[in-house]
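Trainee: Below you will find the structure I want to go over with you.
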Amino acid sequence: MKFKRIFLLVLDSLGVGEAIDANKYEDEGCNTLGHIKENYNLFIPNLQKLGFLNTLQMDENNDVEAYYTIAKPTNLGKDSLSGHYELVGIKNSVPFSNFTETGFPRELIDQIEMITGRRVIGNKCMDPEVILKELGDRHMQYGSLIVFMSNDANIQIAAHEDVVPLSKLYQYAEKIRKLTMREEWRVGRVIARPFTGKNGKYKFTNERRDYAVKPPKKTVLDFLKDHSYSVIGIGKISDIFDGEGITKTMKATTNMDVINKLTDVMEKNFTGICMANMADFDSLYGHKRDLEGYANAIEDLDVEIPMILNKLNNDDLLIITADHGNDPTFKGNSHTRENVPVILFGRDFKEPKRLEILNSMADIAATIAENFEVEKPEIGTSFLEELK
């Protein structure tokens, strides 16, 4: 079966159980969806009809409306870039650097101070809102840059717009991006975080800008673009791939904003793919170990599922998956090495059922490539012929 449009919805961090190599990441026993379900009376009837909960045990359910399975992560690392790279068919053999335990090396901090001409404060892993409360006043008094990281392979540079104008902050981030291309400081993203406010009451603005590395090779998105197909990125998709392979970018600030933009796109006439990322699961609930908030966000998505399905045409395919895990019941507050769910819904599917477990998340990319008859990505095996 061939599809005119494919909608790939990434539920950021919603893993479904420890990967086979979870022990290498000290993540034995992690299970984002499973532990949420165990500790919260999760009510998601619409997702359940699609086989979403069956991905936890991979038990057989013949009374489903979608094909369902899980995919194993094969890329090294459990950061967003590694996961998204795999979803679009890129092999990543060298994980990005993560300094959440140690802080950034002194040499790197010295280099940042030298190229910006400003002192650095912070240099630790902390929730963005919390670090503003702790260091915002000091930044305002001395003009120092607040440098910190979240639980991912990134470096965040925060400054008040009255202290460091927006254009200047972006310039700093660009210089730091070049600096952190060195192998020993190979972070996935440099993030400029402007904020406003006064007297201890500070708030990040929506002018955040991410500077990712360009993918090392062409992705299935590039192949689609090269063949004049539409490639629409919603949320942080364009930032993740540094704009490569994207024909239209739509920013989104919340999960609901992503859903609204996704459903708007579904009303347009195009041929190609729309890839969207729902980041709130990860940033607002997984990293903060907020189990109830995570559960509520899943239930909020469930409410929107009927509207999403109703907007699909007969020759459309909806794929729901994730990029890694972030178990809100687990130790620490970092990503967890997990398998990801793969849900596939099409209006004309005759007998949706459980599929065999996918050996790589890149199988999704290979399936997309075969559907549109473009070049195969470097990894992944298509399962398009299974969709009938």
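Only the coordinates and a few stated rules stand behind these numbers; no lab work does. Everything quoted here is computed from the prediction, not taken from an experiment. Don't worry about glycine lacking a Cβ; one is built from the backbone with ideal geometry, like all the others, and counts go over all protein chains shown.
Trainee: What residue among Asn326, Asn314, Asn92 shows peak mean-square fluctuation when the chain is described by a Gaussian network model with Cα springs under 10 Å?
Mentor: Asn314
Trainee: I want the antiparallel fraction of DSSP beta bridges within the chain, as a percent rounded to 5.
Mentor: Approximately 40 percent, going by the DSSP bridge assignments.
Trainee: GNM on the chain, C-alpha springs below 10 Å: top fluctuator among Pro105, Pro73, Pro377?
Mentor: Pro105
Trainee: Under the rule of -39500 (n - 2.57) per DSSP H run of 4 or more residues, summed and divided by the residues of the chain, what mean residue ellipticity at 222 nm is obtained, to the nearest 500 deg cm²/dmol?
Mentor: Here the helix-only value at 222 nm equals -8500 deg cm²/dmol.
Trainee: Straight-line reach from Lys350: which aspartates and glutamates fall under 14 Å, measuring Cα to Cα and dropping same-chain residues less than 8 apart?
Mentor: By straight Cα distance, Lys350 reaches Asp63, Glu65, Asp315, Glu385, Glu386.
Trainee: Further question: Cross-link candidates for Lys175: which aspartates and glutamates have Cα within less than 19 Å, leaving aside residues fewer than 8 places away along the same chain?
Mentor: Excluding near neighbours in sequence, the set is Glu107, Asp110, Glu113, Glu161, Glu183, Glu184, Glu207, Asp210, Asp239, Asp242.
Trainee: Now for a separate question. Considering Cα pairs under 8 angstrom that are at least six residues apart, work out the relative contact order of the chain and quote it in whole percent.
Mentor: 31
Trainee: Using the count of nearby Cβ atoms within 10 Å as a rough guide to exposure, how do Met275, Met140, Met181, Met149 rank from fewest to most?
Mentor: Listed from fewest to most nearby Cβ atoms, that is Met181, Met140, Met149, Met275.
Trainee: Among Gly51, Gly17, Phe204, which residue has its Cα furthest toward the positive end of the charge dipole of the chain, with +1 on Lys/Arg Cβ and -1 on Asp/Glu Cβ?
Mentor: Phe204
Trainee: Say the cut-off is 19 Å between C-alpha atoms; which of Lys133/Lys288; Lys2/Lys251; Lys4/Lys268; Lys91/Lys217; Lys261/Lys311 go over it?
Mentor: Checking Cα-Cα distances, Lys2/Lys251 exceed 19 Å.
Trainee: Please report the antiparallel percentage of the DSSP beta bridges confined to region 106-211, to the nearest 5.
Mentor: Around 50 percent of the beta bridges assigned by DSSP in region 106-211 are antiparallel ones.
Trainee: If you don't mind, there's one more thing I want to ask. Just rank Lys251, Lys388, fewest to most, by other beta-carbon atoms within 10 angstrom.
Mentor: Lowest count first: Lys388, Lys251.
Trainee: Pick from Tyr40, Tyr142, Tyr67: which is most flexible by mean-square fluctuation in a GNM of the chain where alpha carbon atoms under 10 Å apart are linked?
Mentor: Tyr142
Trainee: Turning to a different aspect of this structure: Past the 26 Å Cα-Cα mark, which pairs from Lys201/Lys331; Lys24/Lys178; Lys37/Lys331?
Mentor: From Lys201/Lys331; Lys24/Lys178; Lys37/Lys331, over 26 Å: Lys201/Lys331; Lys24/Lys178.
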